[in-house]
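For reference, the structure discussed in these notes is given below.
The values are calculated or read from the model by the stated rules, or taken from the named source; none is laboratory data. Since the model is a prediction, treat every value here as computed from it, not as a measurement. For neighbour counting, all protein chains shown are included, and Cβ atoms are generated from backbone atoms with ideal geometry for every residue, glycine included.
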Amino acid sequence: MSDECDLCLLGLIFLSSLLTGISGVDDAHVFISSGQNVRLSCNNALPDCKSTTWNYNRFRDSAAVELIGLGIKKKDTESHERLSLGSDCSLNINNITKQDYGFYICRQYVNDKQQGTDTYVYLHVLHVSSSSSSSQTEISAGRSVTLFCQLYSLACDDWIRSERIELFWVNQAGVKLTRSDSRYQILFSSDHCIITLNTTLLNEDHNREWRCEVTRRDQVKSSVTYTVKSSAETEVRRTAGSLFRVIVIIVKFAAFAAPTVILLQIICARRAGRKDSQHQRK
């Protein structure tokens, strides 16, 4: 089957899953947070996985990318170091990135002929970032911080509405943050795939965590936690670290100097003994 036909087939299958709710569609949609590991099942696998091929596509790409060919991992793909084939022919992806979202196909070949039907898996990746572009924000109280939570998916707008996909922020107590709270400014993108949280930090926000969650039909599918650390606490840690390094240097110097001092004392004592003996002879 050509790459163009693959793209057409993917579009039809994805559309049918949204409109008709085909059997097994829940298993075909996998939600994962960036940085985690994921396992994509292959339900049509044959014994020993030597016939298994995994292809990947995002629709927008001009051609599908072959990740696994007849049980052998391809080395010319950007993600090859993070990929592995499970004993059950599942596709394992370590340290998921936002670029990994898309459509995965598991297909079987025997003697260059396709066997059975394909297994289709849609991977949706939840990713959080901030205006400081770090997994942790070090900022002083009174300053504002903006957090961005995005669901990387093939078809956000229509699919989010039909499948009741929701993105929202919760605090450390698990309470959902809403626009009615004057402390938080919460905004949604036009396709509802991005939710932005803006707030001004308080003194009690040191080490505070905010969590972004994605739900499908009121069931939590994945979440990402973002931690805020104060600049004051960071400075204390740096000072403590510097003091510890100084202590280590002193201890090492003492350990080296003690034998040296003892040796010098022995040498001086011997020299003094020699002078006394010479004086007595005279």
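Values for this structure:
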{"read-out": "Residue list for the range 145-162, restricted to those being modelled with pLDDT of 85 or more and surrounded by fewer than 18 Cβ atoms within 10 Å (Cβ to Cβ)", "value": "T146"}
{"read-out": "Residue check for V125: among the aliphatic types (A, V, I, L, M) and at pLDDT below 95", "value": "no"}
{"read-out": "Any hit, the range 227-237, residues being crowded, with 16+ Cβ neighbours inside 10 Å, modelled with pLDDT of 85 or more, among the aliphatic types (A, V, I, L, M) and under 30 Å from I160 (Cβ atoms)", "value": "no"}
{"read-out": "Members of the range 142-165 that are over 20 Å from R58 (Cβ atoms) and free of Cβ contacts under 8 Å to residues at least 40 places away in the same chain", "value": "R161"}
{"read-out": "Filter result (out of contact with any Asp or Glu (no Cβ under 8 Å at 6 or more places or on another chain) and in a strand (DSSP E or B)) within the range 57-95", "value": "V65, E66, L67, I68, G69, I72, K73, L83, S84, L85, L91, N92"}
{"read-out": "Scan of the range 43-59 for residues that are hydrophobic (A, V, I, L, M, F, W, C), under 21 Å from Y122 (Cα atoms) and either surrounded by fewer than 16 Cβ atoms within 10 Å (Cβ to Cβ) or in contact (Cβ under 8 Å) with a residue 60 or more places away in the chain (or both), ordered by number", "value": "A45, F59"}
{"read-out": "Scope the range 22-34; condition in a loop (DSSP other than H, G, I, E, B) and either at pLDDT 95 or above or polar (S, T, N, Q) (or both); matching residues", "value": "S23, S34"}
{"read-out": "Strands (runs of 3 or more DSSP E) lying entirely in the range 101-213 (those with 3 or more residues that are polar (S, T, N, Q) and either touching a strand residue (DSSP E or B) at 6+ places or on another chain (Cβ under 6 Å) or more than 25 Å from L40 (Cα to Cα) (or both))", "value": "113-130, 144-152, 194-200"}
{"read-out": "Search result, residues across the range 75-124 that are of a type in the set (V, I, T) and either outside the structural domain of D48 (by TED's automatic domain parsing) or in contact with a Cys (Cβ under 7 Å, 6 or more places away or on another chain) (or both)", "value": "T119"}
{"read-out": "Residue within the range 66-74 that is of a type in the set (A, V, I, L, M) and surrounded by fewer than 20 Cβ atoms within 10 Å (Cβ to Cβ) present", "value": "yes"}
{"read-out": "Test: residue in the range 80-101 that is loosely packed, with under 13 Cβ neighbours inside 10 Å and under 23 Å from the mean Cα position of the chain (by Cα)", "value": "yes"}
{"read-out": "Check on V170, outside the structural domain of N55 (by TED's automatic domain parsing), crowded, with 18+ Cβ neighbours inside 10 Å, touching a residue at least 12 places away in the same chain (Cβ under 8 Å) and not acidic (D, E)", "value": "no"}
{"read-out": "Meets criteria (out of contact with any Phe, Trp or Tyr (no Cβ under 6 Å at 6 or more places or on another chain), among the acidic types (D, E) and surrounded by 17 or more Cβ atoms within 10 Å (Cβ to Cβ)) for D118", "value": "yes"}
{"read-out": "Checking C106 against (1) surrounded by fewer than 19 Cβ atoms within 10 Å (Cβ to Cβ); (2) modelled with pLDDT of 95 or more, the condition it does not meet", "value": "(1)"}
{"read-out": "Any hit, the range 37-57, residues being closer than 24 Å to I195 by Cα and either at pLDDT below 95 or not aliphatic (A, V, I, L, M) (or both)", "value": "yes"}
